[in-house]
Amino acid sequence: MRGTVLYGPGDVRFEDREAPRIEKPTDAIIRIAVTCVCGSDLWPYRGIQKIAQPTPMGHEYCGIVEEVGSAVKTVKPGQFVIGSFCISDNTCPNCRNGYQSGCQNLEFMSRAQAPYLRVPSADGTLVPTPDIPSDDLLPSLLTISDVLGTGWFAADAANVKLGSTVAVVGDGAVGLLGVLSAKQMGAARIIAMSRHERRQQFAREFGATEIVTERGDEGVTRIMDLTNGIGADSVLECVGSEESMMQAILSTRPGGSIGYVGVPHGMKLDMPPVFFHLVRLHGGPAPVRRYLPDLIKLVWERKINPGKVFDLTLPLDEVAEGYRAMDERRAIKTLLRP
Ligand SMILES: [Zn+2]
Ligand SMILES: [Zn+2]
């Protein structure tokens, strides 16, 4: 089998490696239907996050179960399944509290940019769809694995509800699907912050009512102008830089909430603004597993079309071009077909 391996900055290879096999009785092997490149894959690709050795890549996946270990009960060969980028047992106290991304037996998925994938804790991690999906549903189903699940968590953590005024910091795939999520949760106004014309267009299609092109202090001033000097009820931080976090904090109204899902890089949080702005902060790696059943239903019934966020589709063996296109911002998100 061939799979995707990152060797160092800018060096992605699709090369021979051992096919996955059942290692523990709780494992499943799935045949990948579609996978993709994540914005977070770009951190090591750009060398900002160091890797010690050649690293198999990919953590967003869905596909058909090929084989299960002897202890797997809820997932069967032949089923189409989706799992989170977080592997969880779904039985420990943290999972039962809905925080499967804080599971006591947490593992992070990798190796999914390949035709076959081993999924540990299959019963706790994978959720089957009602039937084998038609081909046009695959991109949307795949987004649930991470980008949609993460955008949804950002909106949920930011306490978006009916009538909320929401601001979204970050116009990557997660930010755009954060807009979609806020819209689904009934937000009255959704202000997307983006300087990129095509991404602004996507944000509008997903439900943004206003666009702010300014960043930093000027961006905050614009949000304040748009909200009568009060700030947004809910702000989704979908970048992970110090600048974007400060922008989120200063754009939130007193008593408002920030859902932050951008993986922090080089960020130090300046506490006085958090203190004096009276904001709530909740975020981290999204407990996607909690949302899987509901999000599968929304996609299955075609109530949402998050798969639109993929603006480049490539055969899996051209994965290196998929990384390049996202790195150079030619693509928002690359879908890969084995
Ligand atoms: Zn991801
Ligand atoms: Zn758990």
*In region 90-113, the residues that are more than 8 Å from ligand 2 (Cβ to nearest atom) and either part of a loop (DSSP other than H, G, I, E, B) or not assigned by TED's automatic domain parsing to the domain that holds E18 (or both)*: N97, G98, Y99, M109, S110, R111, A112, Q113
*Would you mind finding the one in I22, I51, I30 that is away from ligand 2 (no atom under 16 Å from the Cβ) and under 22 Å from R324 (Cα atoms)?*
I51
*Only one residue in V220, V239, V263 is without any contact (Cβ under 8 Å) to a residue 40 or more places away in the chain and either under 17 Å from L177 (Cβ atoms) or not in a strand (DSSP E or B) (or both), so which one is that?*
V220
*Tell me which of these V166 doesn't satisfy, since it passes every other one: (1) under 19 Å from R290 (Cα atoms); (2) buried (at least 24 other Cβ atoms within 10 Å of the Cβ).*
(1)
*Which residues, counting only those in region 311-334, are among the β-branched types (V, I, T) and part of a helix (DSSP H, G or I)?*
V319
*asked:* Let me spell it out: the conditions are (1) in contact (Cβ under 8 Å) with a residue 40 or more places away in the chain; (2) within 16 Å of ligand 2 (Cβ to nearest atom), and Y45 meets all of them except one. Which number is the exception?
replied: (2)
*Is it the case that C95 is within 20 Å of P287 (Cβ to Cβ) and touching a strand residue (DSSP E or B) at 6+ places or on another chain (Cβ under 8 Å)?*
no
*Single residue of S194, S140 found to be in the same structural domain as I29 (by TED's automatic domain parsing) and either of a type outside the set (V, I, T) or farther than 30 Å from N90 by Cα (or both)*: S140
_Please determine whether any residue of region 116-129 is part of a loop (DSSP other than H, G, I, E, B), out of contact with any Asp or Glu (no Cβ under 6 Å at 6 or more places or on another chain) and within 16 Å of ligand 1 (Cβ to nearest atom)._
no
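The values are calculated or read from the model by the stated rules, or taken from the named source; none is laboratory data. A quick note: this is a predicted structure, and the numbers were derived from the prediction, not measured. Don't worry about glycine lacking a Cβ; one is built from the backbone with ideal geometry, like all the others, and counts go over all protein chains shown.
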